[in-house]
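Notes follow the structure.
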Amino acid sequence: MANAEHVRFLLSPDWSQWRASNPRILPDLVEADLRGKDLHGVDLSHAVLVRADLQGANLSGASLAHAQVDGVLLSGAVLDGADCTGVHFDLLDVRSCSLKHALLEAATFRGADFTGSDLEGANLAQVSFDGAILERVNFTDADMTNCSLRGARVEKASFVRASLVGAVLEGVVLEGNDLSGANLEKVQGMRLQLPDATLVGTRFRGANLREANFLRANLKGADFEGADISHSTLRQANMEGARFFNCDAQAADFRDANLLNADLNGIQLAGSQLQGIDFRSPKLGRVSLVRANLTGATFVGCNLRTFRLEQARLEGADMRDVDLEAANLDGAILTGANLRGSRLRQASLVGTVGVDADLSGCDLILADLRNADFTRADLRFTSLVGANCGHARFAFADCRKADFTKAAVGRANFWGAMLAGTTMPITALHWRIGRVLTAIITSSQRKRQEKEKREQQRRIRETVRLVREIEEKDPRLRRQAQKKSGRG
């Protein structure tokens, strides 16, 4: 039970004087009934408030620093601007409380129920909310630096402009919550769940967001500089104007995402899912697309000079007029891709698969095409001057008007290729001879077939004439012929 004298002083105007006169006495307010009391501005620091009833009490501006509040009832209390430094609110009922601009640094709320509470502008640095219930809590403008929310249940909460620098958010579910303008720099957020969350202008600089879920999240203008979002899901996310500078996004899923005017500079996209993405509006700089899935992606007019695209999947990609000078496309799959008019000078396409690809009018000067497969590809008017085409396959490709001057075509396969007007290197004399011999043989075969046809027609005419002459000389045969013609 509470000390009756302490309670009497607390509810009198003499409380401040009593505390000043007895600095070593800890107020004994165990199980005190203080429901709805006006205690604004009172000094309850180090007070023993175990199991006290403070429901609906006005404690705005009060000091509860390091007070003992085990089992205290605080539902509906007002603690605006109160000093609750180091207070342990663990497992308490703090529902519908107002803690606006309260000082709660180093306090703990493990397992506490904060449903519907207002902590706008509160100082929550280093606070532990592990396992707490934070439904409909307002954290707008709150300072949550280095706080921990492990296992917390967060629904329909507002973190607008809140500072969560260095916070521990591993595995926390923030689905549908509003974190617009929040600062999540250097957060520990592995497997953080943010589907359908509002993250407009949110800062994630240096954050660890590996395997995070941003499905359908609104990340317009978000900043991921130096962040690790590898293996994360960003499907259908709105990343318009977002900044990904020196960001690790390896094996991330960007399918159906909006990257309009996004800044992709120094980002690692190796192994990422980027099917159907339009790269015409994002700002691209030093992006690695090794093993990335870019099936059906659009790069029309993009600058991909020196880009790394080894083993990338680019089936059906639209890459017209792209600058790929000195780019690395070794082992890339370009089946059915459209690269018409693109610049691939000195590019490396060793082992690239370009079956049915359109490379007409491309600049492949000094490109490395060893072991590449361009079966049925369109290479009309393409410049391959000095290109290394050793062991490359151009079977049934359309190479008309292509320029292979000084190209290395040793053991290249041009079987069935269209080579009319093609300029071949001097070293490819056998191809020229082959083309001439093929033309001669084809012409000879055609003439022979025409001659045989004419001979057959001549024999038929002569045979018919001979039969008529015989019938005219033999009456019996003539009567039979007339009889047959009469029946006909």
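Only the coordinates and a few stated rules stand behind these numbers; no lab work does. Just so you know, these numbers come straight off a predicted model, no measurement behind them. For neighbour counting, all protein chains shown are included, and Cβ atoms are generated from backbone atoms with ideal geometry for every residue, glycine included.
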Based only on other Cβ atoms within 10 Å, what is the fewest-to-most ordering of Ile365, Ile460, Ile229? Ile460, Ile365, Ile229
With r as the distance between the Cβ atoms of Arg150 and Met1 and R0 = 22 Å, compute the FRET efficiency 1/(1 + (r/R0)^6) and round to 0.05. 0.05
Report the antiparallel proportion of the DSSP beta bridges in the chain as a percent, rounded to a multiple of 5. 0 percent
Return a whole-number percent for the relative contact order of the chain, with Cα pairs under 8 Å and 6 or more residues apart as the contact set. 4 percent
Along its three principal axes, how long is segment 323-383 when you only count alpha carbons? Whole Å, largest extent first please. 24, 23, 15
Using only Cα atoms, locate the centre of segment 321-378 and the centre of segment 93-143, then give the distance between them in Å, rounded to an integer. 58 Å
Could I have the simple spin-label model distance between Glu31 and Thr306, label points 7 Å from Cα toward Cβ, reported in nm to one decimal? 7.7 nm
Taking neighbour Cβ counts within 10 Å as the exposure measure, how do Glu225, Glu452 sort from fewest upward? Glu452, Glu225
Take each of the peptides 18-26, 341-349, average the number of other beta-carbon atoms within 10 Å over its residues, and list them starting from the highest. 341-349, 18-26
Order these peptides, 272-285, 384-397, 62-75, by their mean beta-carbon neighbour count within 10 angstrom, highest first. 384-397, 62-75, 272-285
Please compute the volume of the convex hull spanned by the alpha-carbon atoms of the chain and report it per residue in Å³. 196 Å³
Given Cα pairs under 8 Å that are at least 6 residues apart, what percent is the relative contact order of segment 57-126? 29 percent
Rounded to the nearest 500, what is the chain's calculated 222 nm mean residue ellipticity when only DSSP H runs of at least 4 contribute -39500 (n - 2.57) each, over all residues? -5000 deg cm²/dmol
If you rank Phe381, Phe224 by fewest surrounding Cβ atoms within 10 Å, what's the result? Phe381, Phe224
Could you order peptides 402-410, 126-134 by the average number of other Cβ atoms within 10 Å of their residues, highest first? 126-134, 402-410
Treating the beta-carbon of each Lys and Arg as +1 and of each Asp and Glu as -1, no other charges, what is the dipole magnitude of the chain about its Cα centre, to the nearest 20 debye? 6220 debye
Provide the three semi-axes, in whole Å and in decreasing order, of the ellipsoid equivalent to segment 1-40 as defined by the square roots of 5 times the Cα gyration tensor eigenvalues. 17, 13, 7
Taking R0 as 60 Å, what FRET efficiency do you get between Asn22 and Arg286 from their Cβ-Cβ distance, rounded to the nearest 0.05? 0.30
For Arg51, placing the label point 7 angstrom along Cα-to-beta-carbon and taking segment 66-90, residues whose amide nitrogen sits under 20 Å are 67-75, 88-90
Helix axis angle, 475-487 relative to the chain longest principal axis, alpha carbon, degrees: 30 degrees
Inverse of <1/r> over all distinct C-alpha pairs of segment 40-194, i.e. the Kirkwood Rh in Å, gives 14.9 Å
